[in-house]
1. Do you know which residues across the range 153-196 are within 16 Å of the ligand (Cβ to nearest atom), closer than 30 Å to Val276 by Cβ and either assigned to a loop (DSSP other than H, G, I, E, B) or not polar (S, T, N, Q) (or both)?
2. Considering only the range 119-136, state which residues are closer than 13 Å to Leu99 by Cβ and out of contact with any Asp or Glu (no Cβ under 6 Å at 6 or more places or on another chain).
3. Given the structure, is Phe220 closer than 30 Å to Pro102 by Cα and at pLDDT 95 or above?
4. Applying the selection to the range 271-311, what residues are surrounded by fewer than 24 Cβ atoms within 10 Å (Cβ to Cβ) and in a loop (DSSP other than H, G, I, E, B)?
5. Under 7 Å between Cβ atoms, at least 6 apart or on separate chains: pull out the pairs that start in the range 1-27 with a residue that is crowded, with 24+ Cβ neighbours inside 10 Å and end on any residue that is aromatic (Phe, Trp, Tyr).
6. Condition first: surrounded by fewer than 17 Cβ atoms within 10 Å (Cβ to Cβ) and closer than 14 Å to Thr277 by Cα. Now tell me which residues in the range 238-256 satisfy that.
7. Between a residue in the range 288-300 that is more than 9 Å from Gly120 (Cα to Cα) and any residue that is modelled with pLDDT under 95 and more than 9 Å from the ligand (Cβ to nearest atom), which pairs come within a Cβ distance under 6 Å, given they are 6 or more apart or on different chains?
8. On the basis of being under 28 Å from Leu128 (Cβ atoms) and either in contact with a strand residue (DSSP E or B) (Cβ under 9 Å, 6 or more places away or on another chain) or not assigned by TED's automatic domain parsing to the domain that holds Thr16 (or both), does Asp208 make the cut?
Amino acid sequence: MRERVRAAVIGASGYTGAETLRWLLGHPAVEVVGATARTHAGRPLAELWPQFYGSSLVLSAEPPEADVLFLCLPHGEAARLAPSLQAECIIDLSGDHRLPEPSHSEHYGFSRETEPWLYGLPELGPELLLGARRIANPGCFATALALALLPLAGKMSGRVAAVGVTGSTGSGATPTDTTHHPLRSENLRAYKVLRHQHVPEVERAIGDIKLDFVPFSGPFRRGILVTYTLPACPIRLWEAHFQHNPLVRVVPRPPELLHVLGSARADIGVIEGGDVTVVQCAIDNLCRGAATQAVANLNLRMGWPMHLGLDRVSAVP
Ligand SMILES: NC(=O)c1ccc[n+]([C@@H]2O[C@H](COP(=O)([O-])OP(=O)(O)OC[C@H]3O[C@@H](n4cnc5c(N)ncnc54)[C@H](OP(=O)(O)O)[C@@H]3O)[C@@H](O)[C@H]2O)c1
């Protein structure tokens, strides 16, 4: 087992890139050897993100030589860049390598000639990630939706309905109509109803289900909360499934965003109510939905504990 790797973040001026750097810089077995940006290339990291005060990293235009690269780029850009990269391991946080064709083209609007990469939801089989060279990190909504249903995989079939709400950082750093403060603050609206691009990821992960999903844009910055109403199922199924998982907690009450924000953990709440069971999952979209999931994938790829460097408690309150 290797003891250390040299890692770099591609797209560190964006939200997932900066969050990935935040965790890598505190990881005991990672040396951060570089970080790139496009329009912000040439700027010191700490000038663009004062949170990194004290760091001497300067954002470069070209990817540095590294053992592991984290691609934190817009959809389409990651697929365009990936073939030219030589790193031993690449972890793509975009949607470019998650789905097989023709599903990929249908949902992302461009075709990809290569096979999908290994789908990096650690809970689908940590052992599969050992030594992996190309890993597609799951989508943020897909992570919450799949984690909440995983204990029922193979035990249920047919249609399942879910709703979910996400914070504005889910849309990235470039301002748009859907992230502009006066339109987002104190507002709530559904979008991509029954058409969200993360749905096929969940259907593939769980198998034998058809997911009807209604996502909402929430008036807050970070966090995702998804909710299923299912036929009666006991909470012990979730407790047993996740009992040895350091990055998932099962609780018999509604989970809260405040309890997971800034942390790598997913909280799953299971509320039994006679004929039905409500299952909810709360995550930080930039952490468990992106950066810390990517770091957990690196950990498993290296044969390290899944939660190495990911033990931080969320902000209180
Ligand atoms: N935000 C989330 O919660 C979340 C969660 C899971 C997955 N993802 C996925 O992760 C990827 C990155 O998301 P993000 O929210 O971090 O995006 P973002 O904030 O918009 O950051 C995009 C990064 O890519 C760089 N870039 C390079 N080429 C670009 C181009 N042609 N157009 C625009 N930017 C370019 C940008 O550099 P400059 O700023 O220097 O121009 C920036 O560093 C996306 O594919 C997204 O779907 C996001």
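The values are calculated or read from the model by the stated rules, or taken from the named source; none is laboratory data. In this text the structure is predicted, and so the values were computed from the model without any measurement. All Cβ positions, even for glycine, are placed from backbone atoms using ideal geometry, and neighbour counts span all protein chains on display.
1. At the first step, the residues of the range 153-196 found to be within 16 Å of the ligand (Cβ to nearest atom) are 164-180, 184, 191-192, 195-196.
Among the residues that remain, those that are also closer than 30 Å to Val276 by Cβ are: 164-167, 170, 191-192, 195-196.
Of everything in the range 153-196, those that are within 16 Å of the ligand (Cβ to nearest atom), closer than 30 Å to Val276 by Cβ and either assigned to a loop (DSSP other than H, G, I, E, B) or not polar (S, T, N, Q) (or both) turn out to be Gly164, Val165, Gly167, Gly170, Tyr191, Lys192, Arg195, His196.
2. The first filter runs over the range 119-136 and keeps only residues closer than 13 Å to Leu99 by Cβ, leaving 119, 136.
Correct list: Tyr119 only.
3. On the way: closer than 30 Å to Pro102 by Cα: no; at pLDDT 95 or above: yes.
So Phe220 fails the test.
4. Matches in the range 271-311: Gly274, Asp275, Gly303, Trp304, Pro305, Met306, His307, Leu308, Gly309, Leu310, Asp311.
5. Ala7/Phe70; Val9/Phe70; Ile10/Phe70; Thr20/Phe70
6. Answer for the range 238-256, where residues must be surrounded by fewer than 17 Cβ atoms within 10 Å (Cβ to Cβ) and closer than 14 Å to Thr277 by Cα: Pro252, Arg253, Pro254.
7. Leu300/Pro126
8. On the way: under 28 Å from Leu128 (Cβ atoms): yes; either in contact with a strand residue (DSSP E or B) (Cβ under 9 Å, 6 or more places away or on another chain) or not assigned by TED's automatic domain parsing to the domain that holds Thr16 (or both): yes.
Spelling it out, Asp208 is indeed under 28 Å from Leu128 (Cβ atoms) and either in contact with a strand residue (DSSP E or B) (Cβ under 9 Å, 6 or more places away or on another chain) or not assigned by TED's automatic domain parsing to the domain that holds Thr16 (or both).
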